[in-house]
Amino acid sequence: MMVNFKFHENQIKKGLYLVSTPIGNLNDITLRAIEILRRSDYILCEDTRVSKNLLQRFEINSKLISNHKFNEKKNLSKIIELLKRDKIISLISDAGTPGISDPGSILVKECEKNDIEIIPLPGPSAVSTAVSLSGFSEKFFFYGFFPEKKKILQEDLKILSQLNSSLVFFISPKKINKIIPILRENFSGRKILICREMTKYYEEYIRSDVDNLEVFNKQIKGELTIVISENIINKKNSHILSESDKRIIKKMIDKISVKEIVELINENKNIPKKDIYNYCLKLKNEI
């Protein structure tokens with residue numbers, strides 16, 4: 001597929017280009033991205049086999065360098081040397097914007113140290129696409145992929161559950177069923193959007209209340225982007241302890257003082273300290 005348009009020589013700088021590539025549908029690539037990739041001396045790719053599908057479609061014949069999380073540090077000196085020789089180098093990931101849960105940050109920091117120009121090209125991003133589709137709060141926190149250790153995950157989600165903003169996560173389809181119970185535990189009362197194969201022919205979007213979320217009966221394909229809504233608080237009930245609050249208190253009752261629990265719960269919610277204190281005393285008496 002040939003795309004022709006005028007692009008003057010003096011419009012391109014020497015340096016490192018961070019080029020966003022489609023997250024699914026290859027037609028989502030920008031005209032500027034095509035031109036920069038064509039005029040690059042080298043293109044850094046996560047997986048050259050994946051990138052070739054995109055590059056061949058748009059007749060991009062620049063030299064490829066494999067650059068993934070296992071060799072990006074090893075590549076650094078070579079790439080910096082090429083950039084110092086005024087070579088034009090583009091960095092792409094398998095899909096989306098480089099450096100967002102993909103290789104890139106290490107090279108960007110090294111370019112900054114060496115006063116090498118870094119030019120970002122805006123484009124497709126699973127994060128912003130999912131947030132815009134969700135209809136949830138435009139204020140959002142992007143976490144990325146879940147950690148392997150359950151303890152770290154539990155600690156992080158406990159903190160994130162206190163944020164009154166949308167939350168965005170990447171999840172492997174192999175792990176989603178293990179994650180669902182943990183999401184229900186930490187985000188009760190919120191809504192969730194699960195995005196699968198975004199922008200592709202078989203794209204799928206699942207909307208649900210977190211409390212009603214069920215495990216999948218069969219293995220699903222394609223990486224998932226999920227968005228959890230901000231705290232949805234009914235003004236009539238804003239002064240009442242929610243079930244989520246009560247679960248948090250039960251977990252902390254033997255670990256920290258009642259005073260500390262009262263301050264923690266009251267900090268971000270308009271709940272009378274007396275109600276929190278009385279619930280803590282009730283739990284203490286039941287133990």
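Where a number appears in this text, it was derived from the coordinates with a stated rule and is not lab data. Please read these numbers as outputs of a predicted model, since none were measured by experiment. Because the Cβ atoms are built from the backbone with ideal geometry, glycine has one as well, and the counts that use them run over all protein chains shown.
Some observations on this one:
- Cα lying deepest toward the dipole's positive end in the chain, options I88, I253, S40, charges on Cβ: I253
- For segment 127-228, the convex hull drawn through the C-alpha positions has a volume of 92 cubic angstrom per residue.
- Cα-centre dipole for segment 9-123 with unit charges at Cβ (Lys and Arg positive, Asp and Glu negative), debye to 20: 300 debye
- Alpha-carbon centroid distance for the pair segment 194-231 / segment 250-283, whole angstrom: 34 Å
- Long-range HN-HN contacts of K191 with modeled amide H, under 5 Å: V210, S229
- Cross-linked pairs K259/K282; K255/K282; K175/K221; K174/K250; K250/K273: Cα-Cα separations exceed 22 Å for K174/K250.
- Selected from P122, Y17, N186, residue furthest toward positive end of dipole (the chain; charges at beta carbon): N186
- Sequence-distant lysines (8 or more away, or on other chains) whose Cα lies within less than 16 Å of K52: K63
- Y17 long-range amide H proximity, modeled H, under 5 Å: I89, S90, L91, I119
- Computed from phi, the 3J(HN,Hα) profile of segment 118-127 under the Karplus parametrisation 6.51, -1.76, 1.60 (θ = phi - 60°) reads 10, 10, x, 10, x, x, x, 8, 4, 5 Hz, with x in place of Gly and Pro.
- Taking a ≥ b ≥ c as the square roots of the eigenvalues of the alpha-carbon gyration tensor, segment 38-86 is classed oblate because a/c is 1.5 or more while a/b is no larger than b/c.
- ³J(HN,Hα), Karplus 6.51/-1.76/1.60, whole Hz, each residue of segment 156-164, x for Gly, Pro: 5, 5, 4, 6, 5, 5, 8, 7, 9
- Hydrodynamic radius of segment 9-123 per Kirkwood, over alpha carbon pairs, in Å: 13.9 Å
- The chain, dipole about Cα centre (Lys/Arg Cβ +1, Asp/Glu Cβ -1), debye to the nearest 20: 500 debye
- Couplings for segment 100-105, taken from phi via the Karplus curve 6.51 cos²θ - 1.76 cosθ + 1.60 with θ = phi - 60°, read 9, 6, 9, x, x, 4 Hz in order; Gly and Pro are left as x.
- Hydrodynamic radius (Kirkwood) for the chain, which is based on Cα pairs only, to one decimal in Å: 21.8 Å
- Surrounding net charge for D102, when Lys and Arg each add one and Asp and Glu each subtract one, Cβ distance under 9 Å: -1
- The alpha carbons of segment 181-224 give a radius of gyration and a Dmax of 11.5, 33 Å, in that order.
- Partner lysines whose Cα lies under 16 Å from the Cα of K84, excluding those fewer than 8 positions away in the same chain, are identified as K13, K14, K109, K113.
- Net +/- balance of residues flanking I253 in space, Cβ distance below 13 Å, scoring K and R +1, D and E -1: +4
- Rounded, prolate or oblate (a/c below 1.5 giving rounded, otherwise prolate when a/b exceeds b/c) for segment 95-155 by Cα gyration tensor: oblate
- Among the trypsin sites (Lys or Arg not before Pro) found in segment 187-272, those both in a DSSP coil and sparsely packed, with 15 or fewer other Cβ atoms within 10 Å of their Cβ, are K200, K218, K221, K255.
- Relative to the longest principal axis of the Cα atoms of the chain, helix 48-57 runs at roughly 60 degrees.
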